[in-house]
There are 2 protein chains.
Amino acid sequence: MTTLDEDLEDAAAAGGDPLHPGVRRARAWLSRAVEPGTVDLWRYVDHLGPVAAVQRLRSGAAPDTLRSLVGARAGQDATQADLQRAERCGARLVTPEADEWPFLQLHALTLAVAAESADRRRQSDRTKAPVPPLALWVRGSGRLDELADRSVAVVGSRASTAYGEHVAAELGHQLGERGWTVVSGGAFGIDAAAHRGALAAVAPTIAVLSCGVDRPYPAAHGALFHRIAETGLLLSEWPPGSAPLRHRFLVRNRLIAALTRGTVVVEAAARSGALATARRAQDLGRSVLVVPGPVTSAMSVGCHELLRDERLGARLVTSAAHVIEEVGSIGSDLADPAPRPESVRDGLSDVAARILDACPVRVGVSPERLAAVAGCDVLEVLRVLPALELADLVQWTGTGWRVAPPVEATRARARPGAAS
Amino acid sequence: MTTLDEDLEDAAAAGGDPLHPGVRRARAWLSRAVEPGTVDLWRYVDHLGPVAAVQRLRSGAAPDTLRSLVGARAGQDATQADLQRAERCGARLVTPEADEWPFLQLHALTLAVAAESADRRRQSDRTKAPVPPLALWVRGSGRLDELADRSVAVVGSRASTAYGEHVAAELGHQLGERGWTVVSGGAFGIDAAAHRGALAAVAPTIAVLSCGVDRPYPAAHGALFHRIAETGLLLSEWPPGSAPLRHRFLVRNRLIAALTRGTVVVEAAARSGALATARRAQDLGRSVLVVPGPVTSAMSVGCHELLRDERLGARLVTSAAHVIEEVGSIGSDLADPAPRPESVRDGLSDVAARILDACPVRVGVSPERLAAVAGCDVLEVLRVLPALELADLVQWTGTGWRVAPPVEATRARARPGAAS
């Protein structure tokens, strides 16, 4: 069995082949050595690539400020143990180099982290910093990028009321029935009700955890997590065996917001963590949707404050139909195979039509370029592209987006991130 | 005892003295002969004055289209009987010529009716037309213009839930405690709960009825109406003895909207009349405030639809403090006597400061003129002026608004509509 450092050297010698096993092992090491949400470390890895970044962090060649973030963990190596432990519980490590990586969803974080200051003192607090994950531990039978494509977060208080649990379960069930993945945090209360509602509709659901996927928290949800993994996914940035530390819940929330097209807050007390998730969703240009409740209920105070905050632009929703109206837009109409491409195009929103018109026919271009040509926000482009792709109107070339060739030729179209 | 026609002739000979008893009798006649909310008849009275208008409607000199609206009632005269009947139940007729007329509040209707088409087929439906009342029958000890000055409508379904009644009563009580007049329709359910909440705070409240003030409807509210009249007011456009016809409820709603600074909808089913009141409030530039409820309650469906309608701009409120924040603005701060005029001015909103700056020092000018100079909407001016007047910053001269002289000189300031 090779050591980590040997594998890294091999990978470095292979000249940046993203599929080399050393890359994967470097990501596994990072997921234990680095607390997620650290702007400077993410930038270091993004800049050098995972192999060189890990080599320098371990050898002491990395800047002191970064090495201090890793600390004593620099010399340790639990990668083999972590990967084996994952395998034993049916989990896998999904990295940005893999086909399954939810590239489109997480691109909103990539864009947002670019806006963070270079000065560490001016960067967002780590619980709020929009840093993409370095790797994801995934347990379950679903494919992450596909399940995340049409997904909605349903979040809320742990100390929920019967009313809130009823509404969350109804939403989870109806969203599941209509082909949407319900994403939540696996916690007691609203989260669990939303997951259970989706499971009752025999629909996949994703629990984004702040602990290891082999060590679900809360422990009482062992059976629930087992059921989720059967058709959906358990997801974590932390390696197997990790404990659900308090601050990790807040760091985790940005992933729930980023992976989904919108976040529905069902019940939230005045200082609920669900409000933080809603704010992260807004930061990333996602829809913030809020279920109202009795004004006499402390568990709806946070929801009502979200709806009263005009800067937030939260939308009141009372049913899955309202939610889909907000996050589905053209995507929902395109769920049915469209018989005539012309009619699909006719059904596009103004901005979607402009983005499609901005796509070149031959060479693929970046979302940023599309935004500039279409005259809209990059986040808007990232929101619309998956639906255009689903409708076979645009295509990812491996380096950029272009207009898709006639339908027959696109059935085996490349996924974002896949070698082209 | 003189006949109506003799009184009218006398008044006509008196050359337009607004205090002549014939004017009052003409208004009493109009209140029985003309169904409120009729654009063309209101314009006719506004153009000719009540005395000449009534003379022509009775003599047949008025255009056929208008005479057909009055029909057989043209030849009848119940004015003496109506006035006596009002007196017997402690009511009075308040006309636009009286000091007590809520001139400022109703000016929003005057402005809105001017925007109605001259072509009757293109005018708003009578249940929606923003027509000022021709006269008001008022029963109770309060003074209408003063009670309406700081008032909020609290409306909702008759078939309310315990939740809605609780919230309406709380709102009524807290608004009353803070010096606000609660205006509602005197109906079962939310209306009654709001009135009762205000009464429990020993605060005046106004019930705007769609039947005679001597014949309260519903009959089971006899005791409630009696208590309202003790400190507040019962108000109606229809003369004593009038029945609460179905369409009159909708015509009445524009008055509830116009008299108040904002309308709070507490509970409303999908097609509730309370929604109509909210829409009238928006038409008149008043705040539309909505209390959410459980999404599982049919009685909150209308409320949630109001909040989801982005064109309406309704604001979610959960407490009296939220309501006052919305309708009070500078008015609420000015409720306490301000020790230094400078600080009052400093506390003004941007638009209020511009309106104050637009007021001339000597000659009074119209709200329209103020709006033009201040560069804002006339409705905004009408919203801000009462607060500026309360703060002794502006003064009504009898013909227009001007900057108020130093505080000592303004204690006996004229009311709008009073002889100057």
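Quick notes
- Sub-8 Å Cβ pairs linking a first residue in segment B:55-72 that is more than 15 Å from residue B:42 (Cα to Cα) and modelled with pLDDT of 90 or more to a second residue that is part of a helix (DSSP H, G or I) and of a type in the set (S, T, N, Q), at least 6 apart or interchain, are B:61/B:55, ordered by first then second residue.
So that you can scan it fast, the table gives a plain yes or no per residue for (1) more than 20 Å from the chain's Cα centre (by Cα); (2) assigned to a loop (DSSP other than H, G, I, E, B); (3) at negative phi:
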position: A:134; (1), (2), (3): no, yes, yes
position: A:168; (1), (2), (3): yes, no, yes
position: A:198; (1), (2), (3): no, no, yes
position: A:202; (1), (2), (3): yes, yes, no
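- Residue ranges of helices (runs of 4 or more DSSP H) in segment A:18-114 with at least 2 members assigned by TED's automatic domain parsing to the domain that holds residue A:369 and under 22 Å from residue A:140 (Cα atoms): none
- Residue B:158 surrounded by fewer than 18 Cβ atoms within 10 Å (Cβ to Cβ), more than 20 Å from the chain's Cα centre (by Cα) and assigned to a loop (DSSP other than H, G, I, E, B): yes
- On the stretch given as segment A:314-335, residues that are at pLDDT below 75 and not in a helix (DSSP H, G or I) total 2.
- Taken across segment B:306-313, residues that are acidic (Asp, Glu) and away from chain A (no Cβ under 14 Å) do not occur at all.
- Residue within segment B:170-181 that is closer than 23 Å to residue B:303 by Cα, touching a residue at least 60 places away in the same chain (Cβ under 8 Å), more than 21 Å from the chain's Cα centre (by Cα) and within 14 Å of chain A (Cβ to nearest Cβ) present: yes
- Residues of segment A:104-148 that are basic (Lys, Arg) and either under 28 Å from residue A:394 (Cα atoms) or surrounded by 15 or more Cβ atoms within 10 Å (Cβ to Cβ) (or both): A:126, A:128, A:139, A:143.
- Segment B:204-220: number of residues that are modelled with pLDDT of 95 or more and not in a loop (DSSP other than H, G, I, E, B): 5
- Residues that are in contact with a strand residue (DSSP E or B) (Cβ under 8 Å, 6 or more places away or on another chain) and not basic (Lys, Arg) were ranked within segment B:7-64; the one that is farthest from residue B:123 (Cα to Cα) is B:28.
- Flag if residue B:301 is within 12 Å of chain A (Cβ to nearest Cβ), modelled with pLDDT of 95 or more and part of a strand (DSSP E or B): no
- Test set (1) under 27 Å from residue B:178 (Cα atoms); (2) at pLDDT 50 or above - residue B:338 fails condition number: (2)
- Verdict on residue B:285 being in contact with a helix residue (DSSP H, G or I) (Cβ under 8 Å, 6 or more places away or on another chain) and assigned to a loop (DSSP other than H, G, I, E, B): yes
- When residue B:352 is tested against (1) more than 26 Å from residue B:198 (Cβ to Cβ); (2) at pLDDT 95 or above, exactly one condition is not met: (2).
- Selection from segment A:105-119 of residues that are farther than 25 Å from residue A:230 by Cα and in contact with a Leu (Cβ under 8 Å, 6 or more places away or on another chain): A:107, A:108, A:109, A:111, A:112
- Residue identified as among the small types (Gly, Ala, Ser), on the phi < 0 side of the Ramachandran plot and within 8 Å of chain A (Cβ to nearest Cβ) among B:273, B:293: B:293
- Selected residue [among the aromatic types (Phe, Trp, Tyr) and more than 27 Å from residue A:382 (Cα to Cα)] from A:225, A:249: A:225
The values are calculated or read from the model by the stated rules, or taken from the named source; none is laboratory data. All figures in this text were calculated on a predicted structure; none of them were measured in a lab. Every residue, glycine as well, gets a Cβ built from its backbone with ideal geometry; the counts of neighbours run over all protein chains shown.
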